[in-house]
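The values are calculated or read from the model by the stated rules, or taken from the named source; none is laboratory data. Source: prediction; values computed, not measured. With ideal geometry, Cβ positions are generated from the backbone for all residues, glycine too; neighbour counts draw on all protein chains shown.
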Amino acid sequence: MSNRDPKIRIGRINYTNVWPIYYYFPNLMQSAEVDIIEQVPTSLNQAMAAGTIDMGPISSFSYGQYFEDYMLFPDLSVSSYGEVNSILLFHDKPLREIVNGRIKLPTTSASSVNLLKIILEKFYNGKPTYAYANPNLDVMMEDADAALLIGDDAIKESWRNKSYMITDLGQEWAKWTGKWMTFAVWAIRKDTIRKHPELVADIFEAFKKSKVQAHQEPQHMIAEAQATVGGTSEYWHHYFHTLCYDFGAEQWEGLAAYYQYCYELGFLPKPVTIGLWEDNKVARVTE
């Protein structure tokens, strides 16, 4: 879907974790008024903030940075309660022994990087040193005690790994908080809602229908994931069904806790209010 002069430019994270919401979307939203732009999460975050993309999934952390400019679609997210399977910390010693160590972070993530900092600094009272690197585990671990990978990079390394311990950040968050973690949210710029309210509503409905269809008919999506990334059909069935693509009260509660920790640790400059899109109105769910 690539159009010369779209009214709305929609971002898409180029990882498999968003596939259920996008897989059937092009067929459900056949419109010359929308265009899909695929990038890594950090690039989408920057494009949304700059206004070169109008809506789409962004890192939850990025919403916390720019929440006054955005609204969030209800019912759409990438969340987990417990294991997420694609946001993984690789380390060669038990986690408690490396909380003051050297940690390599990927340049592709915002939510996951700050989630790791919450876990290490807030929950384990650690004071690690961080450095950013391209997502190549062997290179990252040459001079580090642990390395964080996300998305398909994390998945493939979890298959290949024979030497490192692995901590799933979704599991770790749930262990300490008992709450859901939302890694990506579907945001819309407020100026886009004002300009194209009916088109925004149509896009929302198409995303929801794609999510439902992918859940009911996952076989084509799973086969494409195998062909694109590798792995077995059993792995992908488990992966897509472990992740949650809803965004309701339980996810809002977990996300509010994440934002509160980010604010307390100084990662965000002010408390975050979650604003939900609904018939062009904002429903405040956290204060």
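Can you tell me how many residues within segment 214-232 are assigned to a helix (DSSP H, G or I), surrounded by fewer than 18 Cβ atoms within 10 Å (Cβ to Cβ) and out of contact with any Pro (no Cβ under 8 Å at 6 or more places or on another chain)? Looking only at that region, the number is 8. Checked against (1) of a type in the set (Ser, Thr, Tyr); (2) surrounded by fewer than 18 Cβ atoms within 10 Å (Cβ to Cβ); (3) closer than 21 Å to residue 251 by Cβ, residue 124 passes all but condition (3).
For segment 240-259, the criterion of being of a type in the set (Ser, Thr, Tyr) and more than 18 Å from the chain's Cα centre (by Cα) is satisfied by no residue at all.
Here residue 266 does not fit the description of being over 21 Å from residue 82 (Cβ atoms), buried (at least 19 other Cβ atoms within 10 Å of the Cβ) and at pLDDT 95 or above.
The strands (runs of 3 or more DSSP E) located wholly in segment 23-125 that include 1 or more residues which are touching a helix residue (DSSP H, G or I) at 6+ places or on another chain (Cβ under 6 Å) and closer than 19 Å to residue 9 by Cα occupy 55-59, 70-80.
Quick one: in segment 233-263, of everything that is surrounded by fewer than 16 Cβ atoms within 10 Å (Cβ to Cβ) and touching a helix residue (DSSP H, G or I) at 6+ places or on another chain (Cβ under 7 Å), which residue is nearest to residue 74 (Cα to Cα)? Among residues in segment 233-263 that are surrounded by fewer than 16 Cβ atoms within 10 Å (Cβ to Cβ) and touching a helix residue (DSSP H, G or I) at 6+ places or on another chain (Cβ under 7 Å), the one nearest to residue 74 (Cα to Cα) is 237.
Among the conditions (1) touching a residue at least 24 places away in the same chain (Cβ under 8 Å); (2) surrounded by 16 or more Cβ atoms within 10 Å (Cβ to Cβ), the only one that residue 197 does not satisfy is (2).
With the requirement that a residue be under 17 Å from residue 171 (Cβ atoms) and touching a strand residue (DSSP E or B) at 6+ places or on another chain (Cβ under 9 Å), what does segment 118-150 give you?
The answer is 119, 120, 146, 148, 149, 150.
Could you check how many residues of segment 15-39 are touching a strand residue (DSSP E or B) at 6+ places or on another chain (Cβ under 7 Å) and touching a residue at least 40 places away in the same chain (Cβ under 8 Å)? Final tally of qualifying residues: 6. When we screen 11, 51 for residues that are more than 11 Å from the chain's Cα centre (by Cα), at pLDDT 90 or above and at positive phi, the only hit is 51. If only one of 248, 266, 275 is more than 23 Å from residue 8 (Cα to Cα) and in contact (Cβ under 8 Å) with a residue 12 or more places away in the chain, which one is it? Only one candidate qualifies: 248.
Let's see how each residue does on (1) of a type in the set (Phe, Trp, Tyr); (2) surrounded by 23 or more Cβ atoms within 10 Å (Cβ to Cβ):
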{"site": "53", "(1), (2)": "no, yes"}
{"site": "61", "(1), (2)": "yes, yes"}
{"site": "82", "(1), (2)": "no, no"}
{"site": "89", "(1), (2)": "no, yes"}
{"site": "102", "(1), (2)": "no, no"}
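Collect the residues in segment 170-207 that are in a helix (DSSP H, G or I) and aromatic (Phe, Trp, Tyr), keeping them in residue-number order. Spell out how you get there, then give the answer.
Pass one, segment 170-207, residues in a helix (DSSP H, G or I): 170-177, 190-195, 197-207.
Selection gives 173, 176, 204, 207.
Among the residues of segment 155-169, just one is under 18 Å from the mean Cα position of the chain (by Cα) and either in a loop (DSSP other than H, G, I, E, B) or closer than 9 Å to residue 90 by Cβ (or both), namely 167. None of 164, 130 is surrounded by fewer than 20 Cβ atoms within 10 Å (Cβ to Cβ), aromatic (Phe, Trp, Tyr) and free of Cβ contacts under 8 Å to residues at least 60 places away in the same chain except 130. Does residue 45 qualify as being modelled with pLDDT under 95 and in contact with a Ser or Thr (Cβ under 6 Å, 6 or more places away or on another chain)? The answer is yes for residue 45.
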